[in-house]
1. Out of Thr201, Thr121, Thr115, I need the residue that is under 18 Å from the mean Cα position of the chain (by Cα), of a type in the set (Val, Ile, Thr), modelled with pLDDT of 95 or more and open to solvent by 20 Å² or more (accessible area, probe 1.4 Å). Which one?
2. Name the single residue, out of those in segment 183-205 being touching a residue at least 60 places away in the same chain (Cβ under 8 Å) and not hydrophobic (A, V, I, L, M, F, W, C), that is nearest to Thr121 (Cα to Cα).
3. Taking into account only those residues within segment 83-104 that are in a helix (DSSP H, G or I) and either over 21 Å from Tyr188 (Cβ atoms) or among the hydroxyl-bearing types (Ser, Thr, Tyr) (or both), which is most open to solvent (accessible area, probe 1.4 Å)?
4. Out of segment 193-221, which residues are in a strand (DSSP E or B) and among the basic types (Lys, Arg)?
5. Looking only at residues in segment 152-183 that are touching a Pro at 6+ places or on another chain (Cβ under 7 Å) and assigned to a loop (DSSP other than H, G, I, E, B), which one is nearest to Ile6 (Cα to Cα)?
6. For segment 129-151, which positions are open to solvent by 40 Å² or more (accessible area, probe 1.4 Å), farther than 23 Å from Glu219 by Cα and in a loop (DSSP other than H, G, I, E, B)?
7. Kindly indicate the residue of segment 170-182 that is of a type outside the set (Val, Ile, Thr) and under 23 Å from Glu120 (Cβ atoms) and also most open to solvent (accessible area, probe 1.4 Å) among those meeting that condition.
8. Would you mind stating whether Ile52 is in contact (Cβ under 8 Å) with a residue 40 or more places away in the chain and surrounded by fewer than 17 Cβ atoms within 10 Å (Cβ to Cβ)?
Amino acid sequence: MGLYAIGDIHGYHQPLDALAQKLAFNSNDTIVTIGDYVDRGPQSKQVIDFLISLSKRSNLIPLRGNHEVMMLQARESLTGYKDWLACGGMETLESYLSENLQGISNEHWEFLSDTLPYYETEKNFFVHANAYADHLLDEQPDYMLYWEKFDYQPPHRSGKRMICGHTPQKNGVPLDIGHAVCLDTWVYNPAGWLTCLDVNTGAYWQANQEGKLREAMLETA
């Protein structure tokens, strides 16, 4: 019965598939995806197809990232649409072989709309970007949950460890400061990796854009 967290995917299906095959996720596993499934990479449609499929054979907890926020806002206004295109939305549309939002299926819009702002367990909580240390999770403003960069902030008032993404760790190694871990390891860069953390043990596995795998253990900075 595993508890795993996967960092920012950004439209890269091959490393996601490589990690899932390596870890053989099943119905006893809970997989928390930290958000940013779309944009930048060439396979956003395939990533969402994969996650929908994964949700049918495991307990998938998909969080919302700022790129899902922008993609959903693209449906609401022309300004939102233009802002999304400028931040990777064009690559996402290309993955749907479409020139506009009408090429995106209702099933995919429903998946995006159902993503969560946060998730918590007995010892950890999961957000896309960040959280105020002195605010309860249901009091966190959207800009903290989706947009604020990760830094060496103090421990959260709950005493739980924060697991997040959003802020690229350009050395390809998750940043572990004990009471918080950032799993965004820059997969959209050719030198980057997609990270999957075993939350209970601190072991993590990574795959790059070509699907090459490596593994290590968290080391507190």
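The values are calculated or read from the model by the stated rules, or taken from the named source; none is laboratory data. As the structure is a prediction and not an experimental result, all values here were calculated from the model. A quick note on method: Cβ atoms are made from the backbone with ideal geometry, for glycine too, and the neighbour counts reach across all protein chains shown. Remember, those area values only see protein heavy atoms, side chains included, never the ligands or the DNA or RNA. Shrake-Rupley method; radii C 1.70, N 1.55, O 1.52, S 1.80 Å.
1. From the options Thr201, Thr121, Thr115, the qualifying one is Thr121.
2. To start, the set of residues in segment 183-205 that are touching a residue at least 60 places away in the same chain (Cβ under 8 Å) comprises 183-185, 187-188, 193-200, 205.
Pick out the ones that are also not hydrophobic (A, V, I, L, M, F, W, C) and you get 184-185, 188, 195, 198, 200.
Values: Asp184: 20, Thr185: 23, Tyr188: 29, Thr195: 20, Asp198: 14, Asn200: 11 Å.
So the residue we want is Asn200.
3. To start, the set of residues in segment 83-104 that are in a helix (DSSP H, G or I) comprises 83-95, 101-103.
Remaining after also requiring either over 21 Å from Tyr188 (Cβ atoms) or among the hydroxyl-bearing types (Ser, Thr, Tyr) (or both): 92, 95, 101-103.
On the way: Thr92: 0, Ser95: 12, Leu101: 24, Gln102: 154, Gly103: 35 Å².
Filtering first and then ranking leaves Gln102.
4. First, the residues of segment 193-221 that are in a strand (DSSP E or B): 194-198, 203-207, 213-217, 220.
Correct list: Arg214 only.
5. Let us first name the residues in segment 152-183 that are touching a Pro at 6+ places or on another chain (Cβ under 7 Å), namely 179, 181-183.
Okay, now just the ones that are also assigned to a loop (DSSP other than H, G, I, E, B), so 179, 183.
Details: His179: 18, Leu183: 7 Å.
Checking each candidate, the answer is Leu183.
6. Residues of segment 129-151 that are open to solvent by 40 Å² or more (accessible area, probe 1.4 Å), as a first pass: 132, 134-136, 138-139, 142-143, 147-149, 151.
Imposing the further condition that a residue be farther than 23 Å from Glu219 by Cα reduces the set to 132, 134-136, 138-139, 142-143, 147-148.
Tyr132, Asp134, His135, Leu136, Trp147, Glu148 - these are the residues of segment 129-151 that are open to solvent by 40 Å² or more (accessible area, probe 1.4 Å), farther than 23 Å from Glu219 by Cα and in a loop (DSSP other than H, G, I, E, B).
7. If we filter segment 170-182 for residues that are of a type outside the set (Val, Ile, Thr), which is where we start, we get 170-172, 174-176, 178-180, 182.
Now narrow it down to the ones that are under 23 Å from Glu120 (Cβ atoms): 174-176, 178-180, 182.
Numbers: Pro174: 10, Leu175: 29, Asp176: 11, Gly178: 39, His179: 54, Ala180: 2, Cys182: 0 Å².
Of everything passing the filter in segment 170-182, His179 is most open to solvent (accessible area, probe 1.4 Å).
8. Numbers: in contact (Cβ under 8 Å) with a residue 40 or more places away in the chain: yes; surrounded by fewer than 17 Cβ atoms within 10 Å (Cβ to Cβ): yes.
So Ile52 passes the test.
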